[in-house]
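J.: The structure is given below, and queries will be raised subsequently.
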Amino acid sequence: MTDIIFKAGEATVLAAPGQYTDAMPEVLIGSVKGPVGQAFANMMGQSVGHTRFFAIRDLNQLARPVTMMTTKVTIASGEYVELLGGVVQAAIADAVVDSVSEGIIPKAIVDEICIIVTIWLDPRCADHAELDKKDLYNTNYKAMKLAIERALKNEPSIDELIKNRKTIKHYALDGVIDY
């Protein structure tokens with residue numbers, strides 16, 4: 001039995017220049033018998049514009065620990081669905097499996113925990129004529145692995161947050177507040 005009840009993490013990996021492929025997954029990791037498992041089961045129903053689906057590597061290759069994906073952006077086109085359920089889904093699933101193979105997630109507990117991940121996929125990707133799918137894969141893969149690792153290590157720590165409170169601010173606050 002795992003002692004992982006509720007771990008949260010996030011990460012941002014920025015796109016290559018000229019792309020809209022920034023990746024910003026937010027994850028919850030926890031026991032299938034706890035609140036994360038309950039939330040996971042509740043997500044099996046669909047919500048208009050925010051489809052939920054398992055992270056799979058390819059046909060018949062469900063990632064372990066089982067991972068449920070949903071998007072932070074309302075799905076508005078078939079092209080968006082193709083990217084989300086193709087390149088991004090494969091990147092997320094590969095990151096989960098590699099997190100196990102690299103020991104970030106203990107192999108012994110993969111069937112005792114589940115992961116919920118909300119995905120940022122910029123709507124401009126769907127219509128971007130020069131979309132670099134390799135960059136889309138790489139940013140999502142790297143960000144997902146980092147989000148999992150941060151969740152399981154409880155990073156950033158409260159001490160780090162307090163230390164950086166007046167030196168790091170959200171980019172949207174430039175010109176809004178001064179420290």
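The values are calculated or read from the model by the stated rules, or taken from the named source; none is laboratory data. Keep in mind it's a predicted model, so treat the numbers as computed, not measured. Every residue, glycine as well, gets a Cβ built from its backbone with ideal geometry; the counts of neighbours run over all protein chains shown. Note: areas computed on protein heavy atoms with side chains; ligands, DNA, RNA excluded. Shrake-Rupley method; radii C 1.70, N 1.55, O 1.52, S 1.80 Å.
J.: Equivalent ellipsoid semi-axes for region 37-91, as square roots of 5 times the alpha carbon gyration tensor eigenvalues: give them largest first, rounded to whole Å.
T.: 18, 16, 7
J.: Another one. From the Cα trace of the chain, what convex hull volume per residue do you get, rounded to a whole Å³?
T.: Working: hull volume 25.3 nm³, N = 179.
Taking the convex hull of the Cα positions in the chain, it is 141 Å³ per residue.
J.: Quick check on my link table: of LYS7/LYS33; LYS7/LYS133; LYS133/LYS169; LYS107/LYS153, which ones sit more than 20 Å apart, alpha carbon to alpha carbon? Mind dumping the intermediate values first?
T.: Numbers: LYS7/LYS33 14 Å; LYS7/LYS133 30 Å; LYS133/LYS169 31 Å; LYS107/LYS153 16 Å.
LYS7/LYS133; LYS133/LYS169, as the Cα separations exceed 20 Å there.
J.: Further question on the same structure: For a quick check of understanding: with a 1.4 angstrom probe and all protein chains in place, what accessible area in square angstrom does VAL176 have, to the nearest ten?
T.: 100
J.: Next question. Could you compute how much accessible surface LEU59 exposes when probed at 1.4 Å, giving the result in Å² to the nearest 10?
T.: 130
J.: Still on this model: Roughly how compact is region 55-133, stated as its Cα Rg over 2.2 N^0.38 Å to two decimals?
T.: Values: Rg = 13.8 Å, N = 79, 2.2 N^0.38 = 11.6 Å.
Output field value: 1.19.
J.: Could you compute how much accessible surface VAL88 exposes when probed at 1.4 Å, giving the result in Å² to the nearest 10?
T.: For VAL88, the solvent-accessible surface is approximately 0 Å².
J.: Sort THR74, THR118, THR167, THR139 by heavy-atom solvent-accessible area, probe 1.4 angstrom, most to least. Could the numbers behind the result be given before it?
T.: Numbers: THR74 80, THR118 35, THR167 105, THR139 5 Å².
So, going from the largest accessible area down, we get THR167, THR74, THR118, THR139.
J.: Quick one: order HIS50, HIS170 from most to least accessible surface, probe 1.4 Å.
T.: I get HIS170, HIS50, largest accessible area first.
J.: Expressed as a fraction of 2.2 N^0.38 Å, the rule-of-thumb size for a compact globular protein of N residues, what is the C-alpha radius of gyration of region 9-77?
T.: So the Cα radius of gyration is 1.28 times the expected 2.2 N^0.38 Å.
J.: Next question, about the same structure. In a Gaussian network model over the chain where Cα atoms closer than 10 Å are linked, find which of ALA126, ALA147, ALA93 has the largest mean-square fluctuation.
T.: Among ALA126, ALA147, ALA93, the largest GNM mean-square fluctuation belongs to ALA126.
J.: Here's another thing I want to ask about it. Suppose we keep just the DSSP beta bridges with both residues in the chain; what percent of those would be antiparallel, to 5?
T.: Percentage antiparallel, nearest 5: 75.
J.: Going from most exposed to least, what order do ILE177, ILE158, ILE4 have by accessible area with a 1.4 Å probe?
T.: Final ranking, largest accessible area leading: ILE158, ILE177, ILE4.
J.: Rounded to the nearest 20 Debye, what is the dipole magnitude of region 64-141 about its Cα centre when Lys and Arg each give +1 and Asp and Glu each give -1 at the C-beta?
T.: Dipole about the Cα centre, nearest 20: 180 debye.
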